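Notes to accompany the following structure.
The values are calculated or read from the model by the stated rules, or taken from the named source; none is laboratory data. As the structure is a computational prediction, the values presented were derived from the model and not from experiment. Don't worry about glycine lacking a Cβ; one is built from the backbone with ideal geometry, like all the others, and counts go over all protein chains shown. The area values use the complete protein model at the heavy-atom level, side chains included, leaving out ligands, DNA and RNA. Shrake-Rupley method; radii C 1.70, N 1.55, O 1.52, S 1.80 Å.
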Amino acid sequence: MRNFYLIFLKELRSYFNSPIAFVVITIFLVLSGYFFYNLFATFSTVSFQVMTQPMLARQYNQLNITEMVVRPLFSNLSLFMLIMLPMLTMRMFSEEKKSGTIELLLTYPVKDSEVILGKFAGCMGIFTIMILLTVPCFILIGIFGEPEMGVIVSGYVGLFLMGAAFISLGIFASSITENQIVAAVLSFGSLLIFFMMGYSAGFAGESVGSILKYLSFMPHLYNFAKGVLDTEDIMYYFLFILFCIFLNMRTLESKRWRG
Amino acid sequence: MIEVENLTKKYGDARGINDVTFTVEKGEVLGFLGPNGAGKTTTMRILTCFMPATSGKAKIAGFDVFEDSLEVRKRIGYLPESVPLYTDMQVPVYLEFVAGLKGVDRRDVKRRVSHVMDDCALNAVSKKYIGELSKGYRQRVGLAQALINDPEVLILDEPTIGLDPRQIIEIRSLIKSLGGRRTVILSTHILPEVSMICQRVVIINEGRLVAVDTPQNLTAQLQRSQQILIRVGGPEKEVLSEVGKINGVSRVSVKENGADNINAYLIELKKDMVDAGKDIPPVIVRKNWSLHEMRPVGMSLEDIFIKLVTEEKIN
Ligand SMILES: Nc1ncnc2c1ncn2[C@@H]1O[C@H](COP(=O)(O)OP(=O)(O)OP(=O)(O)O)[C@@H](O)[C@H]1O
Ligand SMILES: [Mg+2]
């Protein structure tokens with residue numbers, strides 16, 4: 001437990017000792033802020049038009065701040081996470097391999113699981129700060145409209161779990177190469193595949209389709225954005241994270257086996 | 001304390017080390033000697049559980065490096081050859097981090113850190129980030145992290161490389177003082193270092209063990225093919241031919257030309273006739289030359305090392 005905590009703190013500290021955390025968080029917030037502004041501005045223009053010309057209301061059958069701002073904002077945030085989180089995770093093991101520090105780390109009396117979980121938690125720390133900084137957007141929405149609180153809460157739970165899944169996969173990708181760019185491309189590419197997999201569900205037979213649909217991030221995210229906290233979706237992320245951490249432990253272990 | 005048995009490591013098809021066997025007693029300082037690419041680092045990486053061996057066994061303090069890796073790692077301090085450190089940490093912060101990972105008691109961490117910082121003369125850089133340090137200071141930080149938990153076994157891969165002369169002396173005496181209580185394996189290319197601080201030497205070449213012995217024994221063993229230096233006043237050509245005629249002398253050469261025809265000659269004796277040296281002075285006396293100096297030339301560890309390593313190749 002102490003080892004886990006020490007590695008967690010070290011990782012957190014090294015994010016702040018380098019410009020990585022600052023740059024990633026800033027770009028993420030700029031993107032989120034910009035899209036939030038767009039969504040919000042569109043919504044208020046439309047609301048204004050509807051107010052002056054009630055006839056238009058029929059076109060917008062759901063003139064509702066939750067539908068028009070909150071939900072799209074969550075799916076935008078998940079997209080930005082898809083782009084930014086591989087940048088956070090790519091250095092985790094690759095850097096240690098390249099600089100050789102892994103040689104010392106793995107010869108300390110520390111369990112592989114403590115190393116991986118410590119790094120995972122360090123990344124989660126930065127990620128948590130990152131998404132907490134988007135809360136003001138929702139506060140603004142709350143001030144100017146009446147969004148459904150349930151949707152916001154479950155949306156955040158969904159984002160958080162999804163981020164954890166992205167991070168676990170990213171750290172795994174970085175454990176199989178000593179090149180940070182390769183790690184980033186690997187994790188971005190495979191995350192994108194998981195993201196899009198659901199689209200092909202329609203034309204891949206029924207049984208394969210339902211598997212694809214289950215494996216894809218999309219439907220699970222969609223449930224959270226609807227305000228539904230389903231154990232099945234939560235389980236999906238937990239299994240995903242566990243599987244990545246398991247693979248990660250295997251790669252470290254195989255290093256000890258095969259050198 | 002350390003038992004290595006038939007250790008073999010292959011990198012794919014390439015040779016790492018081949019059938020290496022040796023033991024190190026508790027409290028001993030063992031020097032690991034060999035040319036570049038001999039397999040020193042490979043052996044140390046296996047001993048420190050960083051890498052598994054292809055075959056063979058290695059035990060530290062009774063624990064197998066493969067089966068009981070965690071127990072082994074609790075008991076060692078390791079300084080890798082490239083001294084990989086986290087460049088974005090300050091020296092004391094880094095040492096506290098390592099102390100924690102190595103299981104130093106929470107209440108002792110601060111005390112241990114200041115202790116090793118004194119030992120490795122690091123107080124001058126206590127505010128600096130490791131990335132800003134010079135090579136020598138990095139080396140010292142590397143040594144400090146190896147020592148931080150006061151481990152039973154120290155494995156140091158070229159510990160004095162990159163240090164200034166004064167620091168080399170200090171670190172050597174530090175390592176020497178650790179011996180007795182601690183078991184130390186260190187690899188080096190600096191041969192006097194081995195005779196200075198090691199009780200035993202392992203010479204390894206192209207992955208194979210060439211010799212295991214004390215530095216003194218190694219020297220004595222090889223000095224049997226002795227060389228003698230004489231300084232004689234007399235005509236050079238005649239001295240060369242007369243001395244060369246003595247039974248048991250294999251070669252005579254001029255080592256140094258001096259004034260008044262007094263030259264220094266190097267005489268090599270045949271391996272099995274090392275007492276032929278006693279026949280040299282009578283020849284000189286008979287010829288009425290003056291004998292200014294006569295002494296055996298010891299082989300330095302360098303000579304022995306080169307000899308062992310090249311002999312190995314001829315075989
Ligand atoms: N990761 C690796 N992959 C393939 N071959 C390797 C690897 N590491 C070492 N070798 C090979 O194993 C042999 C022994 O290397 P090792 O690093 O143990 O030598 P060394 O005695 O430490 O040399 P030096 O004095 O240069 O440090 C060399 O022939 C080297 O090329
Ligand atoms: Mg080496």
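Details
- Here the Karplus relation 6.51 cos²θ - 1.76 cosθ + 1.60, evaluated at θ = phi - 60°, turns the backbone of region A:150-166 into coupling constants of x, 5, 5, 4, 5, x, 5, 4, x, 4, 4, 5, 5, x, 4, 5, 4 Hz, with x for every Gly and Pro.
- Placed amide H near B:His292: partners under 5 Å, 5+ positions off or other chain: B:Arg231, B:Val232, B:Gly233
- Cα gyration tensor, region B:100-187 - rounded (a/c under 1.5), prolate or oblate: oblate
- Against chain B, whose longest principal axis is taken from its Cα atoms, helix B:135-147 shows a tilt of about 70°.
- Stokes-Einstein D for region A:2-258, Kirkwood Rh over Cα pairs, 20 °C, 1.002 mPa s (µm²/s): 108
- As computed over chain B, the Cα convex hull volume per residue (Å³): 165
- Between amide H atoms placed 1.01 Å from N, distances below 5 Å from B:Phe32 occur with B:Leu186, B:Ser187, B:Thr188, B:Val202, all of them 5 or more places distant or on a separate chain.
- Ranking by accessible area, most exposed first, for A:Lys10, B:Lys237 with a 1.4 Å probe: B:Lys237, A:Lys10
- R0 of 41 Å, Cβ-Cβ distance B:Lys26-A:Phe243: FRET efficiency to nearest 0.05: 0.35
- Over all other residues within a Cβ to Cβ distance under 10 Å of B:Tyr94, the charged ones net out to -1, with Lys and Arg as +1 and Asp and Glu as -1.
- Cα gyration tensor, region A:43-144 - rounded (a/c under 1.5), prolate or oblate: prolate
- Prolate/oblate/rounded call for region B:33-116, Cα gyration tensor, a/c under 1.5 rounded: oblate
- Structure-based [θ]222 nm, chain A - -39500 (n - 2.57) summed over DSSP H runs of at least 4, per residue, nearest 500: -26500 deg cm²/dmol
- Ranking by accessible area, most exposed first, for A:Phe246, B:Phe63 with a 1.4 Å probe: A:Phe246, B:Phe63
- Hz values of 3J(HN,Hα) by residue in region B:48-56 - Karplus curve (6.51, -1.76, 1.60), Gly and Pro given as x: 8, 6, 7, 9, x, 7, 6, 8, x
- Rounded to 5, the percent of DSSP beta bridges in region B:145-298 classed as antiparallel: 80
- For A:95-107, mean number of other protein chain Cβ atoms within 10 Å: 6
- Net charge dipole, chain A: roughly 540 debye, given to the nearest 20, about the Cα centre with Cβ charges of +1 for Lys and Arg and -1 for Asp and Glu.
- Members of B:Lys10/B:Lys40; A:Lys98/B:Lys57; A:Lys255/B:Lys128 lying beyond 25 Å, as alpha-carbon distances in this model show: A:Lys98/B:Lys57; A:Lys255/B:Lys128
- Angle in degrees between helix B:165-178 and the longest Cα principal axis of chain B, rounded to the nearest 10: 70
- Accessible-area ranking of B:Arg208, B:Arg73, largest first, probe 1.4 Å: B:Arg208, B:Arg73
- Degrees, to the nearest 10: B:91-101 long Cα axis against longest axis of chain B: 70
- Backbone HN-Hα couplings from phi across region B:37-42 [Karplus 6.51/-1.76/1.60, Hz, Gly and Pro as x]: x, 6, x, 5, 4, 4
- Proximal aspartates and glutamates to B:Lys270, defined as alpha-carbon separation beneath 15 angstrom and excluding residues fewer than eight positions away on the same chain: B:Asp279
- Selected from B:Gln226, B:Pro281, A:Ile171, residue furthest toward positive end of dipole (the protein assembly as shown; charges at beta carbon): B:Pro281
- Convex hull volume of the protein assembly as shown per residue (C-alpha atoms, cubic angstrom): 212
- One compactness figure for region B:159-233 is 1.39, namely its Cα radius of gyration divided by 2.2 N^0.38 Å.
- Placing +1 on each Lys and Arg Cβ and -1 on each Asp and Glu Cβ, with no other charges, gives the protein assembly as shown a dipole about its Cα centre of roughly 560 debye.
- Helix-only mean residue ellipticity at 222 nm for chain B, each DSSP H run of n ≥ 4 adding -39500 (n - 2.57), per residue, nearest 500: -10000 deg cm²/dmol
- Proximity of backbone amide H atoms, modeled 1.01 Å from N, is registered between B:Thr87 and no other residue at under 5 Å, excluding neighbours fewer than 5 places apart on the same chain.
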